[in-house]
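Structure, as structure tokens:
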Amino acid sequence: MQIPEATARRIRLIVLDVDGVMTDGGLYIGATPDGVAIELKRFDVQDGLGVRMLRNAGLDVVIVSGRVSEATKLRAAELGVREVFQDAGARKLPILNRLLAEKQMEWTEVALMGDDLADLSPLRKVGLAATVANCVPEVCRVAAWRSSRRGGRGAVREFAEALLRARGEWTGLVDDYCRERGG
């Protein structure tokens, strides 16, 4: 699925959901011997490089999750994503309204990748609504772009590449990436 060049060039902000998009949606919940709760999530390495490529292209990447998790904060820090919003009530639209006002951006300048009902309201407003292969039917219907990969299995990387190809930036970013690593 291709993203129109005009749409891709308008995008300045990438908003990513976590559970079901950056992860496969599974949660590993347990406790240490002294009773401290632990939550683990599986993140895809290729998705992480996709996020880095978006940032290398000068795009602003933020995470907005409907679940509060230390694992999400750790992954965001590892990827250099400084803005992470976690709301246990999954109230994403008010978060994004405030964020866009602060950044002085319009909804048309935003791409959002979501997968479930908590993402539906903001997906209806953004300039580029993206989703994963295994999205819920309501999200599938509003998405302008859908990955061939499932959430947590390279879908974010696929989206990053599609967006950056549509902008004409992918090849140059790959060349820069290789050059920085001695190749």
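The values are calculated or read from the model by the stated rules, or taken from the named source; none is laboratory data. Since this is a predicted model, take the numbers as computed values, not measurements. Cβ: placed from backbone, ideal geometry, glycine included. Neighbour counts: every protein chain shown. Ligands, DNA and RNA are stripped out before the accessible areas are found, and what is left, the full protein with its side chains, is counted by its heavy atoms. Shrake-Rupley method; radii C 1.70, N 1.55, O 1.52, S 1.80 Å.
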Looking at (1) out of contact with any helix residue (DSSP H, G or I) (no Cβ under 9 Å at 6 or more places or on another chain); (2) over 20 Å from K92 (Cβ atoms), can you tell me which one G151 breaks?
-> (2)
Given (1) part of a helix (DSSP H, G or I); (2) closer than 27 Å to R9 by Cα, G58 misses just (1)
Qualifying residues in the range 102-131 (those that are of a type in the set (D, E, K, R) and outside any helix (DSSP H, G or I)) - the one most open to solvent (accessible area, probe 1.4 Å) = R124
Which one of these is assigned to a helix (DSSP H, G or I), among the basic types (K, R), over 21 Å from D116 (Cβ atoms) and open to solvent by 10 Å² or more (accessible area, probe 1.4 Å): R75, R52?
-> R52
Residue satisfying all of: in the range 138-176; aromatic (F, W, Y) and assigned to a helix (DSSP H, G or I); surrounded by the most Cβ atoms within 10 Å (Cβ to Cβ) among these = F159
Check whether at least one residue in the range 17-28 is at pLDDT 95 or above and open to solvent by 70 Å² or more (accessible area, probe 1.4 Å), and report yes or no.
-> no
Evaluation of T108 against (1) β-branched (V, I, T); (2) more than 19 Å from I11 (Cβ to Cβ); (3) touching a residue at least 40 places away in the same chain (Cβ under 8 Å) (one fails), failing number = (2)
If you go through A77, A90, the only one that is more than 21 Å from G127 (Cβ to Cβ) and out of contact with any helix residue (DSSP H, G or I) (no Cβ under 9 Å at 6 or more places or on another chain) is A77
When the range 22-72 is checked residue by residue, the ones that are of a type in the set (G, A, S), within 17 Å of A160 (Cα to Cα) and in contact (Cβ under 8 Å) with a residue 24 or more places away in the chain are G48, G50, A57
What number of residues in the range 103-133 are closer than 22 Å to R67 by Cβ and under 15 Å from the mean Cα position of the chain (by Cα)?
-> 18
Confirm whether R10 is within 21 Å of A76 (Cα to Cα), open to solvent by 50 Å² or more (accessible area, probe 1.4 Å) and not hydroxyl-bearing (S, T, Y).
-> no
